[in-house]
């Protein structure tokens, strides 16, 4: 079932930033320790993916063939990366939610694997990717057809799909939180984002800009800054989610 706006129905961006920062400060070392652990765990899979992709490109260029070992490295690397990313997002979201409720999350709250929650999030991300690919494919086909009539007309579908992608990205700003805490079905998660975010679309865009600025500041401190910024941003987004969608755990993520 798709969600509807909470009783407050409005987003206060600065209050969400304040709440998110306060949640992070309730257990900063636990957040950072888990983020460092997740970064270390994902590194071998990223390396495996990179080696497999580089080997495939190199051998194809020289011999025109794809070695089985390179394909295996690429596939295993991608699968491992996806699993670790889902585990990280689920753990950080659970920790942020507990901290926003005024409690201090434990390290076990972050590391606990929740297969059902990970599957919900993966399904929502796949569905979102399908929507984006279909929209991009339609725009390409229409643009190619218009381009045969007039080259200038081919720009119109590109502009339209770019506007659509911006709208879609903002409407699904809370897809992680909705999938983990709000809806059990991917389609309902996407519909919930549209139902709840659209009335406050411009404020959610402003939130995205503020988070972008925070990420840019964190990037100035290289990888160390990003380690801090990632959990802080997730805490801020989760605080904003609670303002718009309510503070109920509808899927049992904390159970």
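Values in this text are rule-based calculations from the coordinates and carry no lab data. Because the structure is predicted, anything quoted here is derived from the model rather than measured. Positions of Cβ are generated from backbone atoms using ideal geometry, with glycine treated the same way; all protein chains shown enter the neighbour counts.
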How much length is gained on full extension from residue 167 to residue 57, taking 0.36 nm per residue of separation minus their Cα-Cα distance? 36.0 nm
One computes Rg over Rh for the range 90-150 from alpha-carbon atoms, with the Kirkwood Rh, and obtains 1.39
Relative contact order of the chain: what whole-number percent is it, with Cα pairs under 8 angstrom and at least 6 residues apart? 35 percent
q = 0.10, 0.12 Å⁻¹: log10 I(q)/I(0) that the Debye formula gives for the range 78-229, counting C-alpha atoms only: -0.48, -0.67
Hull volume per residue for the range 141-255, using the convex hull of the C-alpha atoms, in Å³ is 148 Å³
Okay, which of the range 119-137 sit inside 13 Å, backbone N to the point 7 Å along the Cα-Cβ direction of residue 160? 135-137
Which value in nm describes the separation of the simple spin-label points at residue 101 and residue 131, placed 7 Å from the Cα toward the beta carbon? 2.8 nm
The range 1-146: Rg to Rh, with Rh as the Kirkwood radius over Cα pairs: 1.10
The chain: proportion of alpha-carbon pairs further apart than 35 angstrom, %: 24 percent
Only helices counted: for the chain, with every DSSP H run of 4 or more residues adding -39500 (n - 2.57) and the sum spread over all residues, [θ] at 222 nm is -26500 deg cm²/dmol
FRET efficiency for residue 122 and residue 14, using Cβ-Cβ distance with R0 set to 45 Å, rounded to 0.05: 0.85
